[in-house]
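Okay, structure first, notes after.
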Amino acid sequence: MVSESGPHGPLAVALGESMGVSPRPFLVAVMIAGSAAFATPFGYQTNVLVYQMAGYRYMDFVKIGLPLNLITWIVAVAAITWFFPF
């Protein structure tokens, strides 16, 4: 489990088990969501480094990051349902 997922991993497993389905798709969703923090400079260490050194503004990350988050979400939902069926 990646560190960004925090307490959500056990919740994903509990949700899958309570629904009587495999928890694997839920865990994959948590892992992808934990690594898809594009809309904020504070989502990952390298974002903060670029934010400070290059002089980007917070809204620069929002303008580019929100569409990237949306694309990641759509692709992740499709890929998870395809590769990790319930």
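The values are calculated or read from the model by the stated rules, or taken from the named source; none is laboratory data. Computed from a prediction, not measured in an experiment: that's the story for all the values here. Reconstructed Cβ throughout: ideal geometry from the backbone, glycine too, with neighbour counts over all protein chains shown.
What the table shows:
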| read-out | value |
| --- | --- |
| Tally, over the stretch 47-60, of residues that are surrounded by 11 or more Cβ atoms within 10 Å (Cβ to Cβ) and of a type outside the set (S, T, Y) | 5 |
| Cβ-Cβ under 7 Å pairs, at least 6 apart or on other chains, the stretch 18-36 side within 11 Å of I80 (Cβ to Cβ) and free of Cβ contacts under 8 Å to residues at least 40 places away in the same chain, far side aliphatic (A, V, I, L, M) and not in a helix (DSSP H, G or I) | M31/V2 |
| Any hit, the stretch 2-24, residues being at pLDDT below 85 and at positive phi | yes |
| Search result, residues across the stretch 67-86 that are over 30 Å from S18 (Cα atoms) and either over 16 Å from the mean Cα position of the chain (by Cα) or exposed (fewer than 13 other Cβ atoms within 10 Å of the Cβ) (or both) | P67 |
| Subset of the stretch 26-46 (residues that are surrounded by 18 or more Cβ atoms within 10 Å (Cβ to Cβ) and over 13 Å from the mean Cα position of the chain (by Cα)) | P41 |
